[in-house]
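Novice: Below are the structure tokens for one structure; questions will follow.
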There are 2 protein chains.
Amino acid sequence: MKSCGVVVEYNPLHNGHVYHLEKTRELSGAEVVIAVMSGNFLQRGEPAIVDKWARTQMALAAGADLVIELPVSFSAQPADYFAKGSVCLLHALGCDAICFGSESGDSKDYQQMAHFLNQNEAMIDQRFKENKNSGQTYATQMAQTLEELTPHQTFSLSTPNNILGLAYARENLRHKNPMELYTTTRVGSDYHNEELMEQNFSSATAIRKKLVGNQLNNAALEELRLSMPDSSFKLVTSKPLVSWENYWSYLKYQIEVQSLEELRTIYQVTEGIEYRLKEYVHEAESFEQFISLVKNKRVSWVKLQRLCVYILLQLKKDEMVEEIKKPRAIHLLGFSPSGRNYLKEKKKEFTLPLITNVTKKNKSLWTTDIKAGKIYQMGQMGLIKEQDYYRQPVK
Amino acid sequence: MKSCGVVVEYNPLHNGHVYHLEKTRELSGAEVVIAVMSGNFLQRGEPAIVDKWARTQMALAAGADLVIELPVSFSAQPADYFAKGSVCLLHALGCDAICFGSESGDSKDYQQMAHFLNQNEAMIDQRFKENKNSGQTYATQMAQTLEELTPHQTFSLSTPNNILGLAYARENLRHKNPMELYTTTRVGSDYHNEELMEQNFSSATAIRKKLVGNQLNNAALEELRLSMPDSSFKLVTSKPLVSWENYWSYLKYQIEVQSLEELRTIYQVTEGIEYRLKEYVHEAESFEQFISLVKNKRVSWVKLQRLCVYILLQLKKDEMVEEIKKPRAIHLLGFSPSGRNYLKEKKKEFTLPLITNVTKKNKSLWTTDIKAGKIYQMGQMGLIKEQDYYRQPVK
């Protein structure tokens, strides 16, 4: 049974994602598509608009065969750790291939570039340090350094999907038996396009903007309906939705109550950012306002959002050092009939323990994510269901 | 200028308190009455229904001349530390006398009993340990031990005001020049009486019950108006009111997000209570329900409420050990013209620094209370004003 992995967030799942799943199956010839999906806190440092169980339903309805949770220690991370966690899970599952969306470049480009970068890590770090400029973000500086070092390179190293794709390719090469690489071109919409577009390939960002904070009138609902499969539409219009603003009061409380010293124990609280957090949290009246106040040239919006996830979930430096070595388990969120067959056939070869439901027995493998789930629930107290304990995978 | 101190909470100030202030002046013959008042978190482990500034206004209107804040490290405490902090502040202010309400007994009884207890501390501790019975609360056991040791004693050692009065008397005797003691008998209402009574001496507990959680109809408003001075009535009907339920989501979040190990760093989290907190917090839907679930024979409702204050404010064991040695400063919340004269005359003899308003310069003396004020504000976000920085004393 050939399998191909995809790394996804489905926040929420829309027509572009359906296209990606179809292309994945077509290009790889896989019988089983394995989606490694961020849990409730996502790569851009945001809570998912609907919980991981609703998004698993969307994934299965759109053609995924297995949905596996990417732990929060890897999901709310820049490309490198995000890729490390997800590629590591695909390898643990014995996956044959990986297919990712790309703004430009085909799989060979990624393969070559990844090889070059992995071989020359020390030299690149050195050059990066020489170029260091405190007026720019890490991502921008790194892209500049790489472009300098690879002048003949044709594909952009600064677009989000290419950065992620390259991170998958690099991580993949670090494993003994690397998976095959496939790329699909993204259709219809830039990653950050916030205008819902006529061709029904709206970006997830644009869709979220419509859903959160706005009163949905009939026309807007109709646009949404056209931009995503029926199953997604039903779920986003029936489930409790959250955004960062739902967690703002907890975050504010936590930053107010912790001392500078306590804040410094939190993952990624470095370079004095704790002073800015403390300085602005008292006056800020919303999450958005808070981030605008704290943001400066040296730290990007997304990096700050991730930092806020770490503070909200109280992820400590010393714990995270351990957590990000590799995922502790394969948490199964859902499966199709083919997915079930794959599990039966391959389970014994999995190189990480499989959790089909979180219980008192196996909870020690899932501590951080259980905590993340409990905090996520608090975004709509009483409305969001239990996230881990005794939840059965979606069939 | 003879001065007499009272230790108060005014949550809210009612007719019984006015009587106590009048009696204090009459019995002691003092020209200046100094009220040491709990800040925003009170002895029973609760947030004050209105903030310390509104309660200072009530106090001045009812006849107090100086209002001094009892820091949270002493205010949200059992009788011994509550008395330690407040008596220490009165001494630092050069106060001549102290007058407190009592269910029974006059000042001589307190003086004698306090003397006996202070002289025999080691023996009492020994006897207490021998009697130790895990099925009862600390307070009940201590009262029993003392009654055993003083069989001829006529006044009760288990009523809240007598316990407090005795604690003041004992603490007072530990200072070099003890203050004179006066007692007033409480009128019209038991401490815990929750029925608003016809004779217009309702207890603060009964008044709070009316104010929080219930829709006030005209008849209830009229009853309230009759049970307290006009100034108090105006303030409680115009200011944002809070109860524990306003802080429940923060408390729940904090207990969910902290590990058992982290909870154990909090003051008074001992004897495995952290397991019960973690066990019940997830299912509890309100503060009241939470305490009911956690409560058992060994730990009283009030002790649990205090513990929740320590968790909410993240008061750590190691910090509290320092904090409860003695108050760091005299924080002036308000003064009358006589109070101002007293300050002018006596300021130089004060044995602790006087803070008339909290600024960046003196904030290090007031760190824990500044934090408590910021968290208190979050009970009605945007409605409760700044609690410490640049607030001027009420005149």
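Novice: May I ask you to report, in nm to one decimal and beginning with the shortest, the distances from residue A:106 to the same position in the other copies, taking label points 7 Å along Cα-to-Cβ?
Specialist: 10.5
Novice: Take the alpha carbon gyration tensor of segment B:44-88, find the square roots of its eigenvalues, order them as a ≥ b ≥ c, and report rounded if a/c is under 1.5; if not, report prolate when a/b exceeds b/c, else oblate.
Specialist: oblate
Novice: Quick one: buried accessible area between A and B, total over both chains, 1.4 angstrom probe, nearest 100 Å²?
Specialist: The A and B chains share an interface burying roughly 2000 Å².
Novice: Quick query: amide H of residue B:266 versus all other amide H atoms, modeled in the peptide plane; which residues come in under 5 Å with a sequence gap of 5 or more or a different chain?
Specialist: B:317
Novice: List the residues, sorted by chain then number, that are 5 or more residues from residue B:68 or on another chain and whose placed amide H is less than 5 Å from its amide H.
Specialist: The answer is B:35, B:36, B:37, B:333.
Novice: Turning to a different aspect of this structure: Using 32 Å as the Cα-Cα cut-off, could you pick out the over-long pairs in B:239/B:325; B:84/B:360; B:209/B:278; A:52/B:385; A:209/A:252?
Specialist: Exceeds cut-off: B:239/B:325; A:52/B:385.
Novice: Say a label goes 7 Å from Cα toward Cβ at residue B:283 in every copy; what distances in nm does this one have to the rest, shortest first?
Specialist: Residue B:283 label point versus its equivalents elsewhere: 4.6 nm.
Novice: Further, regarding this structure: What residues qualify as long-range amide H neighbours of residue A:180, i.e. H under 5 Å apart, gap of 5 or more or another chain, H built at 1.01 Å from N?
Specialist: Residues meeting the criterion, in which the H sits 1.01 Å from N, are A:97, A:98.
Novice: How would you classify segment B:244-315 from its alpha-carbon gyration tensor, with a ≥ b ≥ c the square roots of the eigenvalues: rounded for a/c under 1.5, else prolate if a/b is greater than b/c, otherwise oblate?
Specialist: rounded
Novice: If the label point is 7 Å along Cα→Cβ of residue B:217, which residues in segment B:224-259 have backbone nitrogen under 17 Å from it?
Specialist: What the label zone holds, given the 17 Å backbone N cut-off, is B:224-225.
Novice: Same structure, new question: Using a Gaussian network model of chain B with C-alpha springs under 10 Å, which one of B:252, B:360, B:316 is most mobile by mean-square fluctuation?
Specialist: Taking springs between Cα atoms under 10 Å, the residue moving most is B:360.
Novice: Once you put a point 7 Å from the Cα of residue B:26 and another 7 Å from the Cα of residue A:370, both along the Cβ direction, what distance in nm separates them?
Specialist: The answer from the label model is 6.3 nm.
Novice: Please give the contour-minus-distance gain from residue A:288 to residue A:380: 0.36 nm per residue of separation, less the Cα-Cα distance, rounded to one decimal in nm. Kindly include the intermediate steps, with their values, before the conclusion.
Specialist: On the way: separation 92, 0.36 × 92 = 33.12 nm, distance 1.87 nm.
Result: 31.3 nm gained on full extension.
Novice: How big is the gap, in Å, between the Cα center of segment B:1-78 and the Cα center of segment B:247-288?
Specialist: Segment B:1-78 and segment B:247-288 have Cα centres spaced 31 Å from each other.
Novice: Along Cα→Cβ at 7 Å, what distances in nm separate the residue B:136 label point from those on the other copies, shortest first?
Specialist: Computed spacing set for this position: 7.5 nm.
Novice: Still on this structure, I have one more. Could you give each residue of segment B:26-43 its phi-based ³J(HN,Hα) in whole Hz, using Karplus coefficients 6.51, -1.76, 1.60 with θ = phi - 60°, and x for Gly or Pro?
Specialist: Along segment B:26-43, the couplings run 5, 5, 8, x, 6, 7, 10, 9, 9, 9, 8, 10, 4, x, 8, 10, 10, 4 Hz.
Novice: Using only alpha carbon positions, build the gyration tensor of segment B:276-395, then give the equivalent ellipsoid semi-axes as the square roots of 5 times its eigenvalues, largest first, whole angstrom. All intermediate terms of the calculation are to be shown ahead of the outcome.
Specialist: On the way: eigenvalues 249, 60, 38 Å².
Semi-axes, largest first: 35, 17, 14 Å.
Novice: Pick out which of B:112, B:144, B:126 has the largest mean-square fluctuation in a Gaussian network model of chain B, springs linking Cα atoms closer than 10 Å.
Specialist: Highest fluctuation of the listed residues: B:126.
Novice: Computing the accessible area with a 1.4 Å probe over protein heavy atoms, can you report the carbon and sulfur percentage for segment B:332-393?
Specialist: Numbers: 1680 of 3230 Å².
Accessible surface attributable to carbon and sulfur in segment B:332-393 totals 52 percent.
Novice: When ranked by the protection proxy of mean other Cβ atoms within 10 Å per residue, highest first, what sequence do the peptides B:281-288, A:59-66, B:113-120, A:346-353 form?
Specialist: Details: B:281-288: 14.5, A:59-66: 24.2, B:113-120: 16.2, A:346-353: 12.4.
The packing order, highest mean first, is A:59-66, B:113-120, B:281-288, A:346-353.
Novice: Hey, another quick one. Find the accessible area per residue for chain B; the probe is 1.4 Å, ligands and nucleic acids are left out, and the unit is Å².
Specialist: 43 Å²
Novice: Right, here's the next one. What's the center-to-center distance, using Cα atoms, between segment A:118-147 and segment A:329-395 in Å?
Specialist: Segment A:118-147 and segment A:329-395 have Cα centres spaced 38 Å from each other.
Novice: Tell me, what HN-Hα J-couplings in whole Hz come from the Karplus equation 6.51 cos²θ - 1.76 cosθ + 1.60 at θ = phi - 60° for each residue of segment A:347-354, using x for Gly and Pro?
Specialist: 3, 5, 8, 4, 9, 9, x, 8
Novice: Which residue fluctuates the most in chain B, going by a Gaussian network model with Cα springs under 10 Å, if the choices are B:158, B:338, B:238?
Specialist: Checking each option, the largest mean-square fluctuation is seen for B:238.
Novice: Please list 3J(HN,Hα) in residue order for segment B:219-229, calculated via the Karplus relation 6.51 cos²θ - 1.76 cosθ + 1.60 where θ = phi - 60°; whole Hz, with x for glycine and proline.
Specialist: 3J(HN,Hα) across segment B:219-229, in whole Hz: 5, 5, 4, 5, 4, 4, 4, 6, 8, 8, x.
Novice: Under a crude label model (7 Å from the Cα following the beta-carbon direction), how far is residue B:249 from residue B:176 in nanometres?
Specialist: Placing both labels 7 Å beyond Cα along the Cβ direction yields 5.3 nm.
Novice: For the protein assembly as shown, just say rounded, prolate or oblate: build the C-alpha gyration tensor, square-root its eigenvalues into a ≥ b ≥ c, call rounded for a/c under 1.5, and beyond that prolate if a/b exceeds b/c, oblate if not.
Specialist: The shape class here is prolate.
Novice: Ok, one more. Heavy-atom accessible surface, probe 1.4 Å, ligands and DNA/RNA ignored: which residues of segment A:265-314 lose at least 50 Å² versus the isolated chain?
Specialist: A:282
Novice: Counting partner chain Cβ atoms within 10 Å of every residue's Cβ in B:246-258, what's the average?
Specialist: 5
The values are calculated or read from the model by the stated rules, or taken from the named source; none is laboratory data. The model shown is predicted, which means the values in this text are computed figures rather than measured ones. Cβ coordinates were reconstructed from backbone atoms using ideal geometry, including for glycine residues, and neighbour counts include every protein chain displayed. Surface areas here come from the heavy atoms of the whole protein model, side chains and all, with no ligands, DNA or RNA. Shrake-Rupley method; radii C 1.70, N 1.55, O 1.52, S 1.80 Å.
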